[in-house]
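Working notes, structure below.
The values are calculated or read from the model by the stated rules, or taken from the named source; none is laboratory data. Everything numeric here is computed off the predicted structure, so don't read it as measured data. All Cβ positions, glycine included, derive from the backbone under ideal geometry; neighbour counts span all protein chains shown. We work out accessible area using only protein heavy atoms, side chains counted, and drop any ligands, DNA or RNA first. Shrake-Rupley method; radii C 1.70, N 1.55, O 1.52, S 1.80 Å.
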Amino acid sequence: MYSMPRSQDLEKLNILHIDMDAFYASVEERDNFNLKGKPVIVGGLSNHGIVTTANYEARKYGIHSAMPIFIARIKCPNGIYIRPRMHRYREVSREIFNILYDITSLIEQVSVDEAYLDISQLGRDPIEVSQKIKEIVMRDIGLTMSIGISYNKFLAKLASDWNKPNGIKIISQDMVPDILLPLPVKSVHGIGPKSAKKLNNIGIYTVRDLMYLTEEFLVDLFGKQGGEIYYRIRGIDNREINTERERKSLGTEITFSHDTKDKEVLKTYIRTFATEISESLKQKRLHGRTITLKIKYGDFTVKTRGRTLMEEVDDEKIIYETGVSLLDEMDLNESIRLIGLTVSNLSPSTMEQLSLFS
Ligand code: TTP
Ligand code: MG
């Protein structure tokens, strides 16, 4: 059932996935000794606020990220409720990454508290490296993390989640079937809640069920992502560590097979792009302020128009509407060969924007 990946060295458990434990709440505990051992909930404190994160003490009361704060208060009236201090979390995050960069420069920063490391150049035992990282971060910063070790990104991430908090977990090739087969489909990177529902509807609940589906079937169901899922559940993931530190923009464009002047067609593309970009921003927990529309005419001249908004956004409707109003400013008398939409000026989302109704 498991074919062997070709471009991965299965003997070498060289990929680490690092994820800080209850990151924002742990920073608050670290900065205020009085909070030690108490349930700490970080989130928007208004009526519409939601929980950004809760420490493990508070999780015992059933509190988790994205829960409305008023429900958290019912479940845990004695909790300590704190507004997020994004500036401080970013500062601590930088300190953590400075430590990681002392170990290797092959780092992909996924978010403020999460990274992949490729430690192949160190030539050391991955457990030893992991223990060292945990030790230094505890000594210099006073925070715990969980580390997953494997031969690819998908399995390393799965491993870091395995015994949180403060854990180290290895997934080697021989463990793959036992670990993966019983998992619910939503545990597979790339299968979000919507896709999980689609699978459940056709009677597929676990990775074991998923194994019966052919690559073609998965591609029909989920597009290109379906192909990746097919390989991932077989323990194969050839994604490289992407060391490009921070994304400067997110965007997408398309070249038409036939040039067009039809505004409705162009608007349809802007809508699709806005949806894609918005989903991607949300997934990466980013907001952007500048929206840029690019058009290439039949004679290959390129025109771009951008607008910087008053607020940072991740909302598809705002991105779409801004895109359309930029299109209104463009000359549509010439036929168009390519259209693209980009959101730039990116920054991490803040709590205010994470309210229940956003
Ligand atoms: P996570 O790593 O998902 O969560 P965590 O670090 O709080 O807890 P865990 O021990 O399970 O890793 O997210 C990192 C930080 O990102 C988290 O502290 C707060 C923030 N965050 C959001 O802003 N919105 C969210 O929906 C989630 C899940 C986290
Ligand atoms: Mg975390």
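Can you tell me which of Leu10, Leu16 is more than 16 Å from ligand 2 (Cβ to nearest atom) and either surrounded by fewer than 18 Cβ atoms within 10 Å (Cβ to Cβ) or modelled with pLDDT of 95 or more (or both)?
Of the residues listed, the single one that is more than 16 Å from ligand 2 (Cβ to nearest atom) and either surrounded by fewer than 18 Cβ atoms within 10 Å (Cβ to Cβ) or modelled with pLDDT of 95 or more (or both) is Leu10.
Does Thr268 satisfy the criteria of being of a type in the set (Ser, Thr, Tyr) and open to solvent by 70 Å² or more (accessible area, probe 1.4 Å)?
Yes: the conditions hold for Thr268.
Which of the following residues is open to solvent by 10 Å² or more (accessible area, probe 1.4 Å) and within 16 Å of ligand 1 (Cβ to nearest atom): Ile204, Ile179, Ile168?
That would be Ile168, the only listed residue that is open to solvent by 10 Å² or more (accessible area, probe 1.4 Å) and within 16 Å of ligand 1 (Cβ to nearest atom).
Does Ile103 fit the bill of being at negative phi, β-branched (Val, Ile, Thr) and buried (at least 17 other Cβ atoms within 10 Å of the Cβ)?
Taking the combined requirement at face value, the residue satisfies it.
I'd like to check something: does the stretch 135-144 contain any residue that is open to solvent by less than 10 Å² (accessible area, probe 1.4 Å), modelled with pLDDT of 95 or more and farther than 30 Å from Asn32 by Cβ?
no
All but one of (1) more than 23 Å from Ser257 (Cβ to Cβ); (2) open to solvent by less than 30 Å² (accessible area, probe 1.4 Å); (3) part of a helix (DSSP H, G or I) hold for Glu279; which doesn't?
(2)
Kindly indicate the residue of the stretch 14-45 that is part of a helix (DSSP H, G or I) and among the polar types (S, T, N, Q) and also farthest from ligand 1 (Cβ to nearest atom) among those meeting that condition. I'd like the intermediate steps shown before the answer.
Looking only at the stretch 14-45, we keep the residues that are part of a helix (DSSP H, G or I), and these are 23-31, 33-35.
Cutting the leftovers down to among the polar types (S, T, N, Q) gives us 26, 34.
Values: Ser26: 8, Asn34: 20 Å.
Among them, the one singled out is Asn34.
Ala66 is checked against (1) modelled with pLDDT of 95 or more; (2) within 10 Å of ligand 1 (Cβ to nearest atom) and fails just one. What number does that condition carry?
Condition not satisfied by Ala66: (1).
What are the residues in the stretch 51-64 that are open to solvent by 20 Å² or more (accessible area, probe 1.4 Å) and either assigned to a strand (DSSP E or B) or away from ligand 2 (no atom under 15 Å from the Cβ) (or both), if any?
Result: Thr52, Glu57, Lys60, Tyr61, Gly62.
Quick one: Leu155 ticks every box in (1) more than 16 Å from ligand 1 (Cβ to nearest atom); (2) more than 19 Å from the chain's Cα centre (by Cα); (3) more than 20 Å from Tyr24 (Cβ to Cβ) bar one, so which box is it?
(2)
With the structure loaded, tell me whether Tyr212 is under 24 Å from Ser172 (Cα atoms) and exposed (fewer than 13 other Cβ atoms within 10 Å of the Cβ) or whether it fails that test.
yes
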